[in-house]
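A.B. asks: Following this message is one structure expressed as structure tokens.
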Amino acid sequence: MSMRPILVIGLNTFRENLRDKILYNLLLFAVMLMGASVLLADLTIMEHHKIIKDMGLAAINLGGVMIAVFVGIGLVSKEIERRTVFTIMARPISRAQFIVGKYFGLMITLSVNLAVMTAVFFMTLWLYRVPIQVSLFQAIELIFVELLLVTAIALFFSTFSSSTLSAIMTLGIYVSGHLTADMKGIAEKSQNELSTWFMTAWYYLCPNLEAFNIKGQAATGIPISWNYQVLATGYGLIYASLLVVSACAIFRRRDF
């Protein structure tokens, strides 16, 4: 697969995202949420530093997820609705290159937004003389891996459904992904065989997004092991890759 068309589509997608006002609104929302965390921390007596770090990481995560979902679901459907996909497909670009290029473009967008939010977060910590520890970098790296996975989920659904349906399904998977431990517990305690089978199957199919959630531990300044960091990152990247490959396979067979 030639990389040049993917790079061109990716950069064009990044430029389109920059022109999209929703992106700036979501970024502003995340920055405001971080500012609110400082105000809330000022009102508390205990664990002032922990609250600023905890809510700052949560704001980065929430802002990134909103960008991944609401921009990701429109990556393919927008091109189809505007009929610009016909112009792109008329060029020597395969459908797989189109999908991978779109994903690459949103990866760049997420990287830039995460960098901006992280810079604001660290500046806030510096102003309040909160120590910047290794655990914070570990948490932000896993947040980025989670965002890549959520983007792949949104892209996967957008290849065969409308924007609204893609948003509902992506958010459903996102919530389920953070409740996989509860699903396993329900499956083990349930007396109904059908319920046990369904919850067990869903537990193994649904990505375990809680594997990327170390925000609480990072806020206390306790780093996780590097083995866990590598394993969680590998798990997320492999899962995201499988979803992008599946999205390419579905989009290759789709009729416009």
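The values are calculated or read from the model by the stated rules, or taken from the named source; none is laboratory data. Predicted model only: the values in this text are computed from it and were never measured. Don't worry about glycine lacking a Cβ; one is built from the backbone with ideal geometry, like all the others, and counts go over all protein chains shown. Calculation scope for accessible area: heavy atoms of the full protein, side chains included, ligands and nucleic acids excluded. Shrake-Rupley method; radii C 1.70, N 1.55, O 1.52, S 1.80 Å.
A.B. asks: Write down, largest first, the equivalent ellipsoid semi-axes of segment 84-123 in whole Å, where each equals the square root of 5 times an eigenvalue of the alpha-carbon gyration tensor.
C.D. replies: Output for segment 84-123: semi-axes of 33, 8, 5 Å.
A.B. asks: Can you give the extra length, in nm with one decimal, that the chain gains between L7 and I80 once fully stretched, where that is 0.36 nm per residue apart less the Cα-Cα distance?
C.D. replies: This chain segment gains 24.2 nm when fully extended.
A.B. asks: With no solvent and one equal point scatterer per Cα, compute the Debye intensity ratio I(q)/I(0) for segment 123-196 at 0.13, 0.19, 0.21 Å⁻¹ and report its log10, rounded to two decimals.
C.D. replies: Each listed q maps to, in turn, -0.66, -0.89, -0.93.
A.B. asks: Let me ask you something else. Compute the angle between helix 180-189 and the longest alpha-carbon principal axis of the chain, please, reported from 0 to 90 degrees and rounded to the nearest 10.
C.D. replies: So the inclination is approximately 90 degrees.
A.B. asks: Here's another thing I want to ask about it. Using 0.36 nm per residue of separation minus the Cα-Cα distance, give me the extension gain between S246 and E210 in nm, one decimal.
C.D. replies: 10.6 nm
A.B. asks: What percentage of all Cα-Cα pairs in segment 104-155 are separated by more than 16 Å?
C.D. replies: Across segment 104-155, Cα pairs with separations above 16 Å total 47 percent.
A.B. asks: Cβ neighbours within 10 Å, averaged per peptide: list 6-15, 157-166 in order, most packed at the top.
C.D. replies: By packing density, highest mean first, the sequence is 157-166, 6-15.
A.B. asks: A further question follows. Given a 1.4 angstrom probe, what's the average accessible area per residue across the chain, in square angstrom?
C.D. replies: That works out to 52 Å² per residue.
A.B. asks: Would you please report the Å³ per residue occupied by the convex hull of the alpha carbon atoms in segment 50-198?
C.D. replies: Per-residue hull volume (Cα only) is 145 Å³.
A.B. asks: For the chain, what number of Lys pairs, 8 or more residues apart or on separate chains, have alpha-carbon atoms under 17 Å from each other?
C.D. replies: So the count works out to 4.
A.B. asks: In whole angstrom, how long is each semi-axis of the equivalent ellipsoid of segment 59-128, when you take the square root of 5 times every eigenvalue of its Cα gyration tensor and sort them from largest down?
C.D. replies: 34, 12, 8
A.B. asks: Still on this model: In deg cm²/dmol and to the nearest 500, what is the mean residue ellipticity at 222 nm of the chain if only DSSP H runs of at least 4 residues count, each as -39500 (n - 2.57), divided by the residue total?
C.D. replies: -27500 deg cm²/dmol
A.B. asks: List, in order, the whole-Hz ³J(HN,Hα) value for each residue of segment 235-252 obtained from phi through the Karplus relation with A = 6.51, B = -1.76, C = 1.60 and θ = phi - 60°; use x for Gly and Pro.
C.D. replies: 4, x, 5, 5, 4, 5, 5, 4, 5, 5, 4, 5, 4, 4, 5, 5, 5, 5
A.B. asks: Work out the FRET efficiency for T200 and N227 from their Cβ-Cβ distance, taking R0 = 25 Å, and round it to the nearest 0.05.
C.D. replies: So, using R0 = 25 Å, E works out to roughly 0.35.
A.B. asks: Angle check, please: helix 193-205 long axis (alpha carbons) against the longest principal axis of the chain (alpha carbons), in degrees 0 to 90, nearest 10.
C.D. replies: Rounded to the nearest ten degrees, it is 90.
A.B. asks: Moving on. Determine one quarter of the surface area of the Cα convex hull of the chain, which equals its mean projected area, and express it in nm² to one decimal.
C.D. replies: Over all viewing directions, the chain projects a mean Cα-hull area of 16.0 nm².
A.B. asks: Run the accessible area of segment 88-141 with a 1.4 Å probe and give the carbon-and-sulfur part as a rounded percent.
C.D. replies: Solvent-exposed carbon and sulfur of segment 88-141 make up 72 percent of the total.
A.B. asks: So for each of 134-144, 192-202 I average, over its residues, the number of other beta carbons within 10 Å; can you give me the resulting order with the highest mean first?
C.D. replies: The densest-packed peptide leads the list: 134-144, 192-202.
A.B. asks: For segment 172-256, with equal point scatterers placed on the C-alpha atoms only and solvent neglected, what are the log10 I(q)/I(0) values from the Debye formula at q = 0.11, 0.14, 0.15, 0.19 1/Å, to two decimals?
C.D. replies: The Cα Debye sum returns log10 ratios of -0.45, -0.68, -0.75, -0.97.
A.B. asks: Something else about it: List, in order, the whole-Hz ³J(HN,Hα) value for each residue of segment 102-117 obtained from phi through the Karplus relation with A = 6.51, B = -1.76, C = 1.60 and θ = phi - 60°; use x for Gly and Pro.
C.D. replies: With the stated coefficients, segment 102-117 comes to 4, 5, 4, x, 6, 4, 5, 4, 5, 4, 5, 5, 5, 5, 5, 5 Hz.
A.B. asks: Can I ask one more? Ordered by packing density, taken as the mean number of other Cβ atoms within 10 Å over each peptide's residues, highest first, how do 103-112, 76-85 rank?
C.D. replies: Averaged packing, sorted descending, gives the order 103-112, 76-85.
A.B. asks: What percentages, rounded to whole numbers, describe P(r) for segment 113-256 computed over all alpha carbon pairs with 5 Å bin width beginning at zero?
C.D. replies: Pair shares across the bins are 2, 9, 14, 16, 17, 15, 12, 8, 4, 2, 1, 0.
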